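Have a look at the structure below, then the notes.
Throughout, read-outs are computed from the coordinates displayed, never taken from laboratory work. Since the structure is predicted, the reported quantities are computational estimates derived from the model, not experimental observations. Every residue, glycine among them, receives a Cβ derived from its backbone with ideal geometry; neighbour counts consider all protein chains shown.
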Amino acid sequence: MTKGSADIAIRPLFPERFAEGFEHDFPERVRLVEKQGLVDHAQNAPVPYYAIVPPGEARVMKFVTAILLNPGDAPEIERLEAVNAIGVRITRGTKSTEVWLNLLADGRMRHRNSNNTLAGWDTDACLLAVTSENGKPVRFFCANGSYLRKGDELLVDSLKKVFAVHADGKTTIY
């Protein structure tokens, strides 16, 4: 998308039917359509906006989309899938970040176990981001989780769900 000197690229990643370049047995695709809405605080002033329209009908559908602010210098982005999780890996040079969405902890199921293993890390977090440099993990972000561990290494341990960042050997809880 371009407007004046501004330029962004939209890279749909999930659902699969959304992403161009993937072969499927079904022809329908998620579409970007222009619709009409109303200007905020102006009852009769129409304004165009874009809406993402999924193919067919589904009870639940997760969308993951990368919006690249500088498409000419975009990082490499790849889709990731695991049991009950979807994610993306964003790589630029020697640094990469994996961002995982734990489908067991997305709020649809209450009073159920949301424990999952994401990129080798055990957690009940809804979102987990792990940044690595030269293949070594250097920063972690855990959203709405009570623990984060890999083997004997425990980075987050809480009696309630928290947001946490672990970097430079220190964990900060929000």
Expected vector for segment 60-72, Karplus 3J(HN,Hα) from phi with 6.51, -1.76, 1.60 and θ = phi - 60°, integer Hz, x for Gly and Pro, equals 9, 9, 9, 10, 10, 9, 8, 10, 9, 6, 10, x, x
One can check that the equivalent ellipsoid of the chain, built from the alpha-carbon gyration tensor with semi-axes equal to the square roots of five times its eigenvalues, has lengths in Å, largest first, of 32, 21, 19
If one builds a Gaussian network model of the chain from Cα atoms under 10 Å apart, the most fluctuating residue listed among VAL47, VAL88, VAL60 is VAL47
Neighbour-count ranking for ARG139, ARG92 (other C-beta within 10 angstrom, fewest to most) reads ARG92, ARG139
A correct Karplus calculation of ³J(HN,Hα) over segment 42-56, with 6.51 cos²θ - 1.76 cosθ + 1.60, θ = phi - 60°, whole Hz and x for Gly and Pro, returns 9, 4, 10, 9, x, 9, x, 8, 9, 10, 8, 10, x, x, x
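Which three numbers, in whole Å and largest first, are the semi-axes of the equivalent ellipsoid of segment 75-174 derived from its Cα gyration tensor as √(5λ)?
Numbers: eigenvalues 92, 58, 22 Å².
Equivalent ellipsoid of segment 75-174: 21, 17, 10 Å, largest first.
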Restricting to Cα pairs under 8 Å and 6 or more apart, the percent relative contact order of the chain works out to 12 percent
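Quick one: length gained pulling THR172 to LEU159 fully straight, 0.36 nm per residue minus the C-alpha distance?
Result for the pair: 3.2 nm of gain on full extension.
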